[in-house]
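All remarks here apply to the structure that follows.
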Amino acid sequence: MSNWLKSAIFYEIYPNSYMDANGDGYGDLKGITSKLDYIKELGADAIWLNPHYDSPFMDGGYDVRDYFKVSPRFGTEADFDEFISAAHARGIRVILDLVPGHTSEQNPDFLRSAENVRNEMYDRFIWTNHEWQFPEGFKAISGRHDRTGNYIVNYYSTQPSLNYGFNEITEPDWQMSYKSDAAKATREWLKSVIRFWLDRGADGFRVDMADSLVKNDGPQSEKPATSEVWRDIRKMLDNEYPDAVLVSEWSNPQAIRAGFHADFMLDHHGNPYNRLVRYEEAGEHSYFDIQGRGDAAEFAKRFSEWHDAVKDNGNIAIISCNHDTPRLAPHYTVDQLKAIYATLFTLPGVPFMYYGDEIGMKYQSDLPSVECGFARTGSRTPMQWNTTKNAGFSAAERTFLPTETDKAVNVEAQLKDKKSLLNFVKSLFEFRKANKELCSTDLEFVHAVGAEPLVYKRGGLTVVVNPLAVKQTVTVDIPVKATVVFSTGKEAKPNKNGTVAVPPVSVTVFK
Ligand code: GLC
């Protein structure tokens, strides 16, 4: 079983937006390769690369046309191999994005399946039996192909669902069992995709919509048949590629029971991540709300439940944000971002820093949708390297998305500034690497009450967080002589009377 994951620090790269080496306005693999030293210096030792496959880009590449081919937009097959070996040469692992649930509507297997004849792909996708069938609870697309029937899609209308079968069969005339030969054939095809990229040097996969495979499979927290499929795939990995990892987009501890090595805690309403930084409902706010309307108790309770459910069987993947989630800036200031990252990445879990979050790139709320990014488009703008044309991202006249105009937010300037967010993130990652307890499952919440300072223990380390713009005092027993081993903002100070004075917007770690 792969044991590198526990102590890994990931960096998520959206290839369209990272670095454009050939000047066509889109990021590419050569561009990423040219920035590997930067990533290494940041302290990341693993990359999650968003889809790099051949695609018509009707959903940012999550509509795969050819699962065995690099998108020409991102470069050649040789560019891919060079990227992997250059990353490995620096001790950086690379996980790819696996899109198992749906293909592009231009995928040749789908087009074959859409022919009105019984061929070898007839059951590879989910089709109803006639063109007037619009089953409840599914998105069925009609009138685009001559095959009699409608096809079910997983996400957008351009993304037909692959057929992994159904658990509960409610309409037997068109639904097949997940144990059927056709469903099993889809699973074997998926294994062939996995083997293909692992053989080419990938170290694992982030798995898109991992819980979406088998239909009519109960709530997200159960999905027994989908879990069975993944356990079967995990068995294959353990036998053939014991070092490879699977990180699911499932966002429920059930993913770990289904065999994933780690699972993302996403920004879903009410999730611990959401409770920490983005929650808003009926007068309630997230813990980092500067006005003190947040609740540490709710956060701690939910985080503990999740953590207890995952514990020694897997890992929680903790994000700064991702390509589907609004960036935390400009909602939060740089000082707040430092405190938020220090909190997120001293909790038990594997850190995933989204490109650009290390310099505080801002969510662009006013951008028109590009390639069906819709509201997510604003989190996908080009990386800001310096203050030259297109922020150093590209020499093109027109880029995939415009670069942000705030000239202070760029790598070059922040590398020179000791107090920058970028240098802070580096020190945070160094701190994490140097302290094994941060990669353990040890966690004890010591104080979690309203907007008061949050205090938790990770083995011999005690973390004290103040999200507010005012100084606070908290009653916790920290020895006056305890050493401060990491901090952002002014350091908290233990008093003799068993209280701790905690400066505004600060995180202090005591040993
Ligand atoms: C996942 C991806 C998202 C994509 C969707 C459909 O949620 O993260 O970007 O649009 O799946 O594949």
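The values are calculated or read from the model by the stated rules, or taken from the named source; none is laboratory data. The model shown is predicted, which means the values in this text are computed figures rather than measured ones. Here Cβ is always computed from backbone atoms with ideal geometry, including for glycine, and neighbour counts include all displayed protein chains. For the accessible areas, the whole protein counts, side chains as well, though only heavy atoms, and no ligand, DNA or RNA atoms are used. Shrake-Rupley method; radii C 1.70, N 1.55, O 1.52, S 1.80 Å.
Residues that are crowded, with 21+ Cβ neighbours inside 10 Å and within 16 Å of the ligand (Cβ to nearest atom) were ranked within segment 191-207; the one that is farthest from the chain's Cα centre (by Cα) is Phe205.
Filter segment 187-240 for residues that are in contact with a strand residue (DSSP E or B) (Cβ under 9 Å, 6 or more places away or on another chain) and among the acidic types (Asp, Glu); which is nearest to Ala255 (Cα to Cα)? This residue is Asp211. Contact map, segment 225-250: first residue assigned by TED's automatic domain parsing to the domain that holds Asp97, second residue open to solvent by 10 Å² or more (accessible area, probe 1.4 Å) and among the hydroxyl-bearing types (Ser, Thr, Tyr), Cβ cut-off under 6 Å, separation 6 or more or different chains; pairs are Ala225/Tyr178. Within segment 211-221, the set of residues being in contact with a helix residue (DSSP H, G or I) (Cβ under 8 Å, 6 or more places away or on another chain), within 17 Å of Ile169 (Cβ to Cβ) and open to solvent by 20 Å² or more (accessible area, probe 1.4 Å) comprises Gly218 only. Within this structure, Ser85 fails the test of being farther than 16 Å from Val153 by Cα and within 16 Å of the ligand (Cβ to nearest atom). Scan segment 73-116 for residues that are open to solvent by 60 Å² or more (accessible area, probe 1.4 Å) and not in a helix (DSSP H, G or I) and jot them down. Within segment 73-116, Thr76, Arg90, Arg93, Gln106, Glu115, Asn116 qualify.
Among the candidates Thr343, Thr387, Thr399, the residue that is in a loop (DSSP other than H, G, I, E, B) and buried (at least 19 other Cβ atoms within 10 Å of the Cβ) is uniquely Thr399.
Okay, residues lined up against (1) assigned to a helix (DSSP H, G or I); (2) in contact with a Leu (Cβ under 9 Å, 6 or more places away or on another chain); (3) acidic (Asp, Glu):
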residue	(1), (2), (3)
Lys6	yes, no, no
Glu12	no, yes, yes
Asp20	no, no, yes
Gly27	no, no, no
Asp37	yes, no, yes
Lys40	yes, no, no
Tyr62	no, no, no
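Only one entry in Tyr178, Tyr122, Tyr155 is within 16 Å of the ligand (Cβ to nearest atom), of a type in the set (Phe, Trp, Tyr) and at pLDDT 95 or above, namely Tyr155. Among the residues making up segment 402-416, those that are in contact (Cβ under 8 Å) with a residue 12 or more places away in the chain, β-branched (Val, Ile, Thr) and in a loop (DSSP other than H, G, I, E, B) are Thr403, Val409. When Trp127 is tested against (1) open to solvent by less than 20 Å² (accessible area, probe 1.4 Å); (2) in contact with a helix residue (DSSP H, G or I) (Cβ under 9 Å, 6 or more places away or on another chain); (3) assigned by TED's automatic domain parsing to the domain that holds Tyr241, exactly one condition is not met: (3). Considering the conditions (1) open to solvent by less than 30 Å² (accessible area, probe 1.4 Å); (2) more than 21 Å from Ser379 (Cα to Cα); (3) within 14 Å of the ligand (Cβ to nearest atom), Val70 is excluded by exactly one of them, (3).
Just to be sure I understand the filter: pairs with C-beta atoms under 7 Å, separated by 6 or more residues or on different chains, first member in segment 354-378 and open to solvent by 50 Å² or more (accessible area, probe 1.4 Å), second member part of a helix (DSSP H, G or I) and within 16 Å of the ligand (Cβ to nearest atom). Which pairs pass? Every condition considered, the pairs that remain are Tyr363/Gly378; Tyr363/Ser379; Ser365/Gly378; Ser369/Thr377.
On the given criteria, is Thr186 touching an Asp or Glu at 6+ places or on another chain (Cβ under 7 Å) and touching a residue at least 24 places away in the same chain (Cβ under 8 Å)? No: the conditions fail for Thr186.
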